[in-house]
1. Taking a ≥ b ≥ c as the square roots of the Cα gyration tensor eigenvalues, with a/c under 1.5 meaning rounded and otherwise prolate when a/b beats b/c, else oblate, which class fits the chain?
2. Taking 20 Å as the cut-off for C-alpha to C-alpha distance, list the pairs among Lys44/Lys323; Lys196/Lys232; Lys8/Lys74; Lys82/Lys232; Lys8/Lys232 that go past it.
3. If you take the beta carbon distance between Glu85 and Ser65 as r and set R0 to 22 Å, what does 1/(1 + (r/R0)^6) give as a FRET efficiency, to the nearest 0.05?
4. What residues have an amide H closer than 5 Å to that of Thr225, excluding those fewer than 5 places away on the same chain, when H is modeled at 1.01 Å from N in the peptide plane?
5. Rounded to the nearest 0.05, what FRET efficiency do Thr24 and Lys333 give with R0 = 56 Å and r taken as the Cβ-Cβ distance? Could you check?
6. Distance in nm between label sites at Ala306 and Cys318, each 7 Å beyond Cα in the beta-carbon direction?
7. Using a Förster distance of 30 angstrom, determine the FRET efficiency expected from the C-beta separation of Tyr118 and Ala9, and round it to 0.05.
8. Could you work out [θ]222 nm for the chain from helices alone, using -39500 (n - 2.57) per DSSP H run of at least four and dividing by all its residues? Round to the nearest 500 deg cm²/dmol.
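Each value in this text was obtained by applying a stated rule to the coordinates, not by laboratory testing. The structure displayed is predicted, hence computed values, not measured ones. Neighbour counts run over all protein chains shown; Cβ positions are idealised from the backbone, glycine included.
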Amino acid sequence: MKLSDIAKALDARLENASPDAEITGVAGIEQAASGQLTFVSNPKYNVAARSTKATAVIVAENFPSISAGMLRSKNPYLAWAKAIELFYQPPDYAFGIHPTAVVHKSAKLGKNAHLGPYVVIDEDAVIGDDAVMLAHTVIYRGARIGNNFFCHAHGVVREFCELGDNVRLQNGAVVGSDGFGFAQYKDEQGGNRWHKIVQSGNVVIDGDVEIQANACIDRASIGETSIGRGSKVDNLVHVGHSCTIGHDTLLCAQVGLAGTTDVGNHVILLGQVGVSGHVRIGDGAVAIAQSGIPHDVAPGAMVSGAPAIDHRLWLKCCAAYAKLPEIAKAVRKLTERSQEADQV
């Protein structure tokens, strides 16, 4: 593509390069060669941008001038995402049902569906138009799924769960697995046993949600577990029973939410954040990686640590923690001096 066409497609302003320059692909800032397009949004790559061999670089509007061509954008990261789409087309799946797929006669399948090998759709399931379900996808009975559903291999939607339009499940994602509910009792010998609590609720997922590989969204014991429009759930995330996730929220890798957690809109929980049950996380809050959250978090707050506290305070605590041996030594000396003074 010509740079001028790319600039138009990305709504970016071209500087320092010929509009007729040909771009053949995209690459990282340090690997890009002549004829390729790259981008920079993280300040630590500013030096690499000055020495890149790329023909053009997608940059912010206020980025300092460099020798390579520049496509100035209000949102360079978004522009980069769209640039990749210009040069990469994912596999296209033709309409049709593989001979090994099993679709119950009472299930309703919309127009233009693609069902790969060994897909199973149980009784009374309803799936909208333009669905793509790759090998070994399983849709349990009574599930309700909207249009443009895309499920990679081994994705599962359990009984009576409801998914909106444009939901995407990556490999091994499970929607509607049983919540972890057990009631303790004594058996005839006086030992402690666990009685499984029937998980009679379901999971309701709004439109434009993506759930990535091997994430598990547990169904509620009663009521529902819900995920709002546009939220994204990363690999290996666990959403416990009866949780409520707002819209456009990010749950990054290995986040774990105990049952009945209430997460607001536009929240970001970074990798390995753990949240106790019956906790409310307000709109726009951010939890830094590996935070442990045992209490409510105010809207707009940024927290870190375990137990989580204000992020700036946690940074000060970390700085003090590194000096604890030195502080302990000073305290011992003061104690010894005080004891000597008392003896005099």
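1. oblate
2. Exceeds cut-off: Lys44/Lys323; Lys196/Lys232; Lys8/Lys232.
3. Working: r = 27 Å, r/R0 = 1.25.
So, using R0 = 22 Å, E works out to roughly 0.20.
4. Asn202, Val203, Val204, Ala220, Ser242
5. On the way: r = 68 Å, r/R0 = 1.22.
Efficiency, from the Cβ-Cβ distance: 0.25.
6. 1.5
7. Computed FRET efficiency for Tyr118 and Ala9: 0.15.
8. After summing the helix terms and dividing by the residues of the chain, the value is -5000 deg cm²/dmol.
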